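Working notes, structure below.
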Amino acid sequence: MEKKGHFVLIHGASHGAWCWYKVIPQLKSVGHKVTAMDMAGAGIHPKQVHEVQSISVYFEPLMNFMASLQPEEKVILVGHSMGGYCISAAMERYPEKVAVAVFAAAYMASPTLPFVTISQQFKEKMDSDKAMDTQFGFHNGLDKPPTSACLGPNFMASKFYQLSPPEDLTLALTLVRHVGFFNDEESIKAVALTKEKYGTVPRVYIVCGKDNILKQDFQRWIVESSPPNEVKLIPDSDHMIMFSKPKELCSCLEEIAEKYT
């Protein structure tokens, strides 16, 4: 008999729980329980970006959810892109409540590879056209460095959604929001990981083969620098795997639930 799990789906930067709309019914149709949530200031969460001063505030909805689970209940955390930060912090704080963590084209650190190192590597590898038409927020004043960003339409079309249906890009363009940069010391401490906690949770990485923002070689570098228990490849997926290859993503998630729960 197939094992059924409780998937907790965490979106990436500027996105929200809405981006899992193709995945949720597919997982539910085969008997899994699914929870998709907005991080603070994302999706329809009421906070505005200037109120989300650190990453610990940003992922507070996930931490509150994890704290509310029954003592014996375990979930399958799925983080996409920046959602890797969030699920990693939850693994560190609540390792006993996580059956397995899935990183889908996501930032995945380790006790020996801090997120700040991954962020620096990403900035160094980013194409020369940089953020294109992405909008920046200057909540500390125009004379200070930007504090947030909202993905631009051309940037999203060419870097995130180039293999996704145009309807999904159109949907995203109406829903993306500003997200903070979280460069403060408190945020760096909030995503610090230990072998004793984070290191005890099984991890699976899903590589998106045609990702134009987290390029496949960058994803492979993450995997080699912070080896998970298993690596899966969806070769023809762009960065937005839940839009470009939802069936293949769900197949991977069902296999993971069967193996790790």
Could you check Lys97 against (1) at pLDDT below 95; (2) in contact with a helix residue (DSSP H, G or I) (Cβ under 9 Å, 6 or more places away or on another chain); (3) of a type in the set (D, E, K, R) and say which number it fails?
(1)
Say we look at segment 1-12 and pick out the residues that are out of contact with any Gly (no Cβ under 6 Å at 6 or more places or on another chain) and touching a residue at least 40 places away in the same chain (Cβ under 8 Å); which of these is surrounded by the fewest Cβ atoms within 10 Å (Cβ to Cβ)?
Glu2
If a residue has to be assigned to a loop (DSSP other than H, G, I, E, B) and either closer than 20 Å to Ala192 by Cβ or among the basic types (Lys, Arg) (or both) to count, how many in segment 41-80 make the cut?
6
Residues being modelled with pLDDT under 80 and touching a helix residue (DSSP H, G or I) at 6+ places or on another chain (Cβ under 9 Å) - total across segment 100-128
2
Looking at Phe182, Phe243, can you tell me which residue is outside any helix (DSSP H, G or I) and either buried (at least 16 other Cβ atoms within 10 Å of the Cβ) or touching a Leu at 6+ places or on another chain (Cβ under 7 Å) (or both)?
Phe182
Being in contact with a strand residue (DSSP E or B) (Cβ under 9 Å, 6 or more places away or on another chain) and over 16 Å from His178 (Cα atoms) narrows Ala36, Ala42 down to just Ala36
Can you tell me which residues in segment 229-261 are acidic (Asp, Glu) and either touching an Asp or Glu at 6+ places or on another chain (Cβ under 9 Å) or under 20 Å from Lys159 (Cβ atoms) (or both)?
Asp236, Asp238, Glu248, Glu254, Glu258
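Among the candidates Gln162, Gln121, which residue alone is assigned to a helix (DSSP H, G or I), touching a residue at least 60 places away in the same chain (Cβ under 8 Å) and not aromatic (Phe, Trp, Tyr)?
Values: Gln162 fails: assigned to a helix (DSSP H, G or I).
So the residue among Gln162, Gln121 that is assigned to a helix (DSSP H, G or I), touching a residue at least 60 places away in the same chain (Cβ under 8 Å) and not aromatic (Phe, Trp, Tyr) is Gln121.
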Criterion: touching a residue at least 40 places away in the same chain (Cβ under 8 Å) and surrounded by fewer than 18 Cβ atoms within 10 Å (Cβ to Cβ) - qualifying residue of His15, His80, His32, His50
His50
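The values are calculated or read from the model by the stated rules, or taken from the named source; none is laboratory data. What you are looking at is a predicted structure, and each value in this text was computed from that prediction instead of being measured. Here the Cβ is made from the backbone with ideal geometry for all residues, glycine too, and neighbour counts use every protein chain on show.
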